[in-house]
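A short worksheet on the structure shown next.
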Amino acid sequence: MLACVLHGKEDVRLERIPVPKQQAGELLVRVDAALTCGTDLKVYLRGYHERMISPPAVFGHEFAGEVVASDNGRFPIGTRIVAANSAPCWDCYFCALDKPNLCTDLLFVNGAYAEYIRVPARIVDENCLILPADLPASKAALVEPLACAVKGIEDVAVNEGEKVLVIGAGPLGLMLARLSVLAGAEVTSVDDQVDRLVVARELGVASTVTGRLTPELVEQLRAEYTPHKLGFDCVIEAVGKPETWNQAVELVRPAGRVNLFGGCEKGTELRVDTTRLHYDEIRIYASFHHTPETVRKALELIATSEVPAFSLVREGRSLLDLPNVLQEMRAGSTPPKTAIFPQLPSGTRLEAEELERFL
């Protein structure tokens with residue numbers, strides 16, 4: 001089969017490798033669509049992922065496709081499925097606390113940038129779902145990142161009528177904004193890229209502000225977009241930089257809530273004014289990964305179009321083009337999500353309206 005194999009830092013090679021052999025309890029799935037992801041870009045730039053991938057290895061983890069080998073009665077050959085990229089063990093301390101996203105034996109799967117992928121038995125049992133007949137794979141593949149956003153909104157408990165600020169309008173920032181809109185909040189999105197904020201408007205965001213979060217912009221946001229200039233009811237940081245983590249805390253009102261959703265590099269620190277934290281009763285949350293429950297909720301949100309997938313997945317490209325797509329992502333010149341199709345001829349580019357008809 002054709003696959004994109006990560007060999008190290010910025011070293012992805014298109015190779016012909018053997019089709020994975022399906023073992024007992026596993027599924028062999030033909031990948032109909034895989035989505036680009038900021039995590040995959042980080043893996044590409046770093047050449048590895050500490051928990052998920054060691055080169056050389058096929059990478060990519062957001063996908064949907066059709067079962068081509070199975071010994072599982074729930075998923076016979078021909079079943080169209082989407083699978084999350086991990087599954088908990090349900091035996092460890094954190095699973096017993098109903099925190100399966102923090103499972104000490106969280107099992108990951110990578111390998112979506114290929115014609116076929118083998119889905120481990122535990123993921124088949126816990127986080128593999130059958131697709132509705134009319135749901136294209138290029139929409140369904142959004143389930144995994146959306147499940148993370150669902151958990152983020154649930155963790156911070158966004159409520160109807162609240163003023164919510166989402167810092168960052170990358171793919172997850174856009175999903176967090178849309179879910180906040182669905183919760184009934186009045187949402188403001190801030191980002192330094194105008195194109196991203198156009199998508200935020202499509203997703204129902206009430207106000208968009210273009211620019212980097214300078215001290216002056218922080219004051220402007222507080223003064224112009226919040227009651228009595230006190231700050232937002234809830235602030236969600238979806239950038240993953242220590243400076244914006246600190247600015248998120250600055251922008252929340254007394255007794256407000258902050259979700260530090262974007263992951264920062266290991267070793268970086270958050271510095272908070274302890275006086276404000278204590279006397280203003282600011283509550284700080286952080287959300288990591290997804291759970292089997294939020295995976296199922298994400299599929300329902302996509303299937304019902306409450307989260308319009310093609311506002312985020314705005315083009316389709318060939319698997320052969322993936323190395324170029326990664327470089328375009330690095331330069332910031334791609335849409336929020338690109339669907340990668342193993343069966344699409346090299347050089348073909350599908351627009352959002354064509355994706356609906358392609359699969």
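Counting residues in segment 27-36 that are small (G, A, S) and at negative phi gives one or more.
Of all the listed residues (E293, E306, E328), the sole one being outside the structural domain of V181 (by TED's automatic domain parsing) and closer than 19 Å to P136 by Cβ is E306.
Out of L299, L251, I need the residue that is crowded, with 19+ Cβ neighbours inside 10 Å, farther than 30 Å from D134 by Cα and touching a residue at least 40 places away in the same chain (Cβ under 8 Å). Which one? Show your work before the answer.
Details: L299 fails: farther than 30 Å from D134 by Cα.
Result of the check over L299, L251: L251.
Of all the criteria given as (1) part of a helix (DSSP H, G or I); (2) of a type in the set (A, V, I, L, M); (3) without any contact (Cβ under 8 Å) to a residue 60 or more places away in the chain, the one not satisfied by L322 is (3). Taking the criterion of being under 23 Å from the mean Cα position of the chain (by Cα) and either under 27 Å from M1 (Cβ atoms) or part of a helix (DSSP H, G or I) (or both), would at least one residue in segment 262-281 satisfy it? No, the conditions are met nowhere in segment 262-281. Which of the residues belonging to segment 125-150 are crowded, with 22+ Cβ neighbours inside 10 Å and charged (D, E, K, R)? Within segment 125-150, K139, E144 qualify. The residues on offer are S138, S180, and the sole one that is part of a helix (DSSP H, G or I), in the same structural domain as E250 (by TED's automatic domain parsing) and touching a strand residue (DSSP E or B) at 6+ places or on another chain (Cβ under 9 Å) is S180. Taken together, the residues in segment 141-171 that are under 30 Å from K229 (Cα atoms) and outside any strand (DSSP E or B) amount to 18. If we only count strands (runs of 3 or more DSSP E) wholly inside segment 1-114, which ones have 3 or more residues that are of a type in the set (S, T, Y)? In segment 1-114, there are no strands (runs of 3 or more DSSP E) which contain 3 or more residues that are of a type in the set (S, T, Y). In the condition set (1) surrounded by 16 or more Cβ atoms within 10 Å (Cβ to Cβ); (2) in contact (Cβ under 8 Å) with a residue 12 or more places away in the chain, G78 is compliant with all but (1).
The values are calculated or read from the model by the stated rules, or taken from the named source; none is laboratory data. The structure displayed is predicted, hence computed values, not measured ones. Quick reminder, even Gly has a Cβ in these numbers, built from the backbone with ideal geometry, and neighbours come from all protein chains shown.
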